[in-house]
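In what follows, a structure is listed as structure tokens, so that the remarks can point back to it.
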Amino acid sequence: MKVLAFSLLALAETVLGGDRDAPKAAVGIYIEFDHPSTDAELSLLESEVRSILAPLGFDLRWRDMEAAGHEAWADLALVTFRGHCDLASIPPKFDPVAPSLGETHLVDGRIQPYAEIECDRIGALVKPQLALVRRQDRERLLQRAIARVVAHELYHIFVGTAAHKSTGVGKAEFTASDMLSDRFQFAPAQAHALIQTSAADVLQTSRYGR
Ligand SMILES: [Zn+2]
């Protein structure tokens, strides 16, 4: 469901807007929550996802799922947040039966632009470590952990691959320390694939713009 349609606004924003040294692909991230996050939690989440993907050329614009279909993008993803994504509602136990922290839909072997993020499981995974850090840091660290799962699923969607790597944001399984470590980036090969994708999106938008 890639949107190849062109709009003047999208071209202006994509090619002319923002950092003029490095044109970025404007990408729509449509979100919905089982249990709505507060504005403060959401803004932490957005900024943590941005800090991972902006250096790779992605200019992410977050929108409510209900607004889907009204704007044209170089690329887009629809992300549903399951469970509770806030510190106060972390469940006590990690569910060992269904341990996936996030999923991207695959149909006939092709990656679809739909991801689901399992906030309860992420919260339960990092909860023991969060208890060891300063109270005022916990919410940001939880949102950063959720952001890492979001970035992982967006990697599947934007690069169009179900493959995993052995290290970095794109690896198959995250540990609690992956989720909370100060540095957690895509491995070089994945970063390269993402940069190529974002650059191709900019060119594609320009081509359709003529
Ligand atoms: Zn994955």
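The values are calculated or read from the model by the stated rules, or taken from the named source; none is laboratory data. Since the model is a prediction, treat every value here as computed from it, not as a measurement. For neighbour counting, all protein chains shown are included, and Cβ atoms are generated from backbone atoms with ideal geometry for every residue, glycine included.
Observations
- The residue that is surrounded by the fewest Cβ atoms within 10 Å (Cβ to Cβ), counting only those in segment 160-177 that are within 25 Å of residue 86 (Cβ to Cβ) and within 13 Å of the ligand (Cβ to nearest atom), is 173.
- Those residues of segment 147-159 which are over 9 Å from the mean Cα position of the chain (by Cα) and either away from the ligand (no atom under 13 Å from the Cβ) or crowded, with 23+ Cβ neighbours inside 10 Å (or both), in sequence order: 156, 157, 158
- Scan of segment 115-164 for residues that are assigned to a loop (DSSP other than H, G, I, E, B) and small (Gly, Ala, Ser), ordered by number: 131, 160, 162, 163
- Residues in segment 130-144 that are without any contact (Cβ under 8 Å) to a residue 60 or more places away in the chain and either surrounded by fewer than 24 Cβ atoms within 10 Å (Cβ to Cβ) or closer than 19 Å to residue 77 by Cα (or both): 130, 131, 132, 133, 134, 135, 136, 137, 138, 141.
- Subset of segment 41-62 [outside any loop (DSSP other than H, G, I, E, B) and either among the polar types (S, T, N, Q) or over 21 Å from residue 182 (Cα atoms) (or both)]: 43, 47, 51, 58, 59, 60, 61, 62
- Residue identified as within 16 Å of the ligand (Cβ to nearest atom), out of contact with any His (no Cβ under 9 Å at 6 or more places or on another chain) and within 19 Å of residue 152 (Cβ to Cβ) among 60, 125, 45, 101: 125
- Neighbours by Cβ (under 7 Å, 6+ apart or cross-chain): first from segment 31-59, at positive phi; second surrounded by fewer than 17 Cβ atoms within 10 Å (Cβ to Cβ): 57/22; 57/195; 57/199
Each row is one residue, and each column tells you yes or no for (1) touching a Gly at 6+ places or on another chain (Cβ under 9 Å); (2) modelled with pLDDT of 95 or more; (3) β-branched (Val, Ile, Thr).
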{"site": "76", "(1), (2), (3)": "yes, no, no"}
{"site": "81", "(1), (2), (3)": "no, yes, no"}
{"site": "88", "(1), (2), (3)": "no, no, no"}
{"site": "108", "(1), (2), (3)": "no, no, no"}
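Listed here are the residues, each with its yes/no results for (1) at pLDDT 95 or above; (2) among the hydroxyl-bearing types (Ser, Thr, Tyr); (3) touching a strand residue (DSSP E or B) at 6+ places or on another chain (Cβ under 9 Å).
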| site | (1), (2), (3) |
| --- | --- |
| 2 | no, no, yes |
| 24 | no, no, yes |
| 33 | yes, no, yes |
| 43 | yes, yes, no |
| 53 | no, no, yes |
